Structures are given as C-alpha cells and as structure tokens.
1. Compute the label zone of ILE337 within the range 82-109: residues whose backbone N is under 19 Å from the point 7 Å along Cα-to-Cβ.
2. Long-range amide H contacts for VAL15: which residues qualify at under 5 Å (H placed 1.01 Å from N, peptide plane, sequence gap of 5 or more or a different chain)?
3. Step through the residues of the range 294-311 one at a time and calculate ³J(HN,Hα) from phi using the Karplus curve (6.51 cos²θ - 1.76 cosθ + 1.60, θ = phi - 60°), rounding each to whole Hz and writing x for Gly and Pro.
4. Using R₀ = 35 Å, calculate the FRET efficiency as 1/(1 + (r/R₀)^6) where r is the Cβ-Cβ separation of THR258 and GLU351; round to 0.05.
5. Quick one: length gained pulling GLU344 to ASN322 fully straight, 0.36 nm per residue minus the C-alpha distance?
6. I need to check one value: relative contact order of the chain, counting alpha carbon pairs closer than 8 Å and at least 6 residues apart, in percent.
7. Grab the alpha carbons of the chain, take their convex hull, and tell me the volume per residue in Å³.
8. Pick out, from TYR259, ALA53, TYR26, the residue whose Cα sits farthest towards the positive end of the charge dipole of the chain, with +1 on the Cβ of Lys and Arg and -1 on the Cβ of Asp and Glu.
Amino acid sequence: MNRNKREKEYYSIDVGDSTFTVLKRYQNLRPIGSGAQGIVCSAYDHVLERNVAIKKLSRPFQNQTHAKRAYRELVLMKCVNHKNIIGLLHVFTPQKTLEEFQDVYLVMELMDANLCQVIQMELDHERLSYLLYQMLCGIKHLHAAGIIHRDLKPSNIVVKSDCTLKILDFGLARTAATGLLMTPYVVTRYYRAPEVILGMGYQANVDVWSVGCIMAEMVRGSVLFPGTDHIDQWNKVIEQLGTPSQEFMLKLNQSVRTYVENRPRYAGYSFEKLFPDVLFPADSDHNRLKASQARDLLSKMLVIDASKRISVDEALQHPYINVWFDPSEVEAPPPAITDKQLDEREHTVEEWKELIYKEVLDWEERTKNGVIRGQPASLVNTSKHL
Ligand code: AMP
C-alpha cells in the first residue's frame, strides 16, 4: 500500500497522557483502563459495527520485559481460541516501515468491567460460582496448551453485565524470575501462590491458589493477603493460614528455608473464622448449603502446600462449581503452540523490534478483511445480569 493511502487511513487523538493514532474505522475513543503495558480505550468500530477495546503498546520492544511479554501475547493469542480468554479482533501499527516502527494497537472484544470492580458488588451464589467456573474453564484451556499463568489477578480478568468472563493475559513466562530474593518493584502480588513467592518448582495448580484468593476477596470484599512487598506477602499468608508443616519446609531451597523457618510460628485460623456465615447470603436453606460448599472449596484451594491443594479438574467437579459443568466449555480442544522456545527467547532491542513488527504484519494480514477469530455476540447465551 502506498504511503499516502496509508496515512489517510489513520488519525490521532489525545487520550489522557497518551496519543492514540488509530484507523479511521475506530471512532469515539474513551479511556477505560491502564495496565503495565499501556492505556486501554473503548471505541466504536464502523466496519464491524460494534464497540471494541483498543490497547496501545508504546514501543513494546524497549526492554526485555516489555518485549518478551508483547511478543509472547501476540504469538499465544493466535493459538488460543476459547470463550473465557480474550480474543483479538485486529492488530495494527500506524507506522509504515520497520525503521519507523513504534507502537502496536491491539483491538479486542469490549467487556464491561474488570473483576476489581465486581468485587465491590454483593454477589449471590449463582453469580459467584458462575464467575469462578468460567475462570477455571479459561485456566484449564491455557493449561491444556502448556501455559501456566502464575499471575492471575482481578485486574486481568474482565466481565460483561451478562456475567460472562474472560482472562486478559497469559501471565508470567516460564523463565520469569519471581522468588523472595528478587528486587521488589511495583506489581500486584497478592494473588501469587506460595511456590511463586518462595521461588519453588510449580505445577498447574499454582493457578488454583490465585482463584482461591480472588474468590476469598469476592466473599470478603477485601484483599485476603495484602502484602506490602514479597516478604510481607508471605507473612500475611502464614498469619492467616498458619505456619506450614515440616514436610513443606523440606521442599524449600536452603536459603529460603532458613528464612521461612525463622519466621514467628502462627497457628492460623479455621475457615469458619476466616469466612464466617455473615459474609455469605444466608436467607434460605439453599443459601446455607451453598455457603458451606463455598467455604469447603476455599479451604481446598487455599492450601499452602501445592501437593495437598486441589487441581483445576477437581475444582471444576466441586459441588459449588459443577452445577455449571458443560463439556464443550471445559473440554474445548487444546490450542497447539508451535513456538516451543517462546519463553526462552532472549534478544537485543533491535531483534525484538523486528520480531514484534513481523508478528504485527502477520496479524494485519490475518485480520485484513474483518474478523478472523473472536466470539460472535450470538454465542454469548447466558444472560445473568450482574
Ligand atoms: P491490561 O493493560 O490488559 O492489564 O488492561 C488494563 C485494564 O484495562 C483492565 O484492568 C481493564 O479494566 C481494562 N481492559 C483491558 N482490556 C479490556 C477489554 N477488552 N474490555 C474492557 N476493559 C478492558
């Protein structure tokens, strides 16, 4: 396409502190959120005739962390197609050449709110268990592709008013360092499992811990383990749940073990104390049963020792959750990830720039004539208004 024609397709508009340069098909931009990667706007797409969300990644190749994450997401988004994982409708860059390449815009389905906003609401058991069921379905699908998230949090989960839910990102790359001995920088780690905080080996049920923390917050209306840094995070966990057994200590590496064993000892609280009846709707026998099921599920997810914590499959079969069980959602065919080295990649800024640019061009090609993937509105058949 010649330069003039391309230039005519775009326009620039200031949104907050940032300028969005987008295709003219996207109008009415309004800021709706911001995350570690950039600003997100809602917009109206005149081609698809629907509202969309547009996320701007500013110079995503600028450092290893940003670049790896942006590249990983662009590649994984191509492989994953599940109704509980956000789908990309379009990807574009307004720059015309690799040399000029700066920013990437990701166009997604527009959802109504993130889970942080939903946590403030009084949810009945039906909505709470349905939201948890969908989180578990999305996570199961990621696990089936070999993607273990490890960093699920309410800000990275979005919902619609009909109670449908989607996970926004793919979490930490396998090679991302996390443990106690890492330099603290501002990230939300309230939902990270003990094995992530303590830099231990992990399995798929590392994500069940995060679901447990999110569920706890939805029930209590406040963060369960609000650690101020990674050390305080561990303190908050043991103050509430109690110092873990010697068997657990033996799984830690020597330096972490010395630290963990030298913390004061805590007995912890029972789940009846942590989640008393008053936190649940209890105006009927049905609700009383549901509250005890919800508490039972929490007690099985919030287990410090991963070898004793339930799996995603077991959580999906739990009486509080399995009322929603639908094999087409739980057992959707697993996505095939072709780039097996995705997490191991290390590149210079210039190499990342080229890799990301090529991914964007590939996406532009795939989405040229409208939507290639993403969920048509008609598939959203559950109407449970929050
Ligand atoms: P992110 O940069 O992906 O972490 O997103 C930051 C925030 O933007 C989220 O916490 C949401 O509040 C909002 N957001 C991102 N994507 C969407 C979307 N597709 N629909 C609605 N809100 C979104």
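1. 82-88
2. So VAL15 has HN proximity to PHE20.
3. Coupling constants for the range 294-311: 4, 5, 4, 5, 4, 5, 8, 8, 8, 10, 4, 7, 4, 5, 10, 8, 5, 8 Hz.
4. 0.30
5. 4.2 nm
6. 21
7. Spread over its residues, the Cα hull of the chain gives 143 Å³ apiece.
8. Looking along the dipole axis, the top candidate is TYR26.
The values are calculated or read from the model by the stated rules, or taken from the named source; none is laboratory data. Since the structure is predicted, the reported quantities are computational estimates derived from the model, not experimental observations. For neighbour counting, all protein chains shown are included, and Cβ atoms are generated from backbone atoms with ideal geometry for every residue, glycine included. Only protein heavy atoms, including side chains, enter the accessible area calculation; ligands, DNA and RNA are left aside. Shrake-Rupley method; radii C 1.70, N 1.55, O 1.52, S 1.80 Å.
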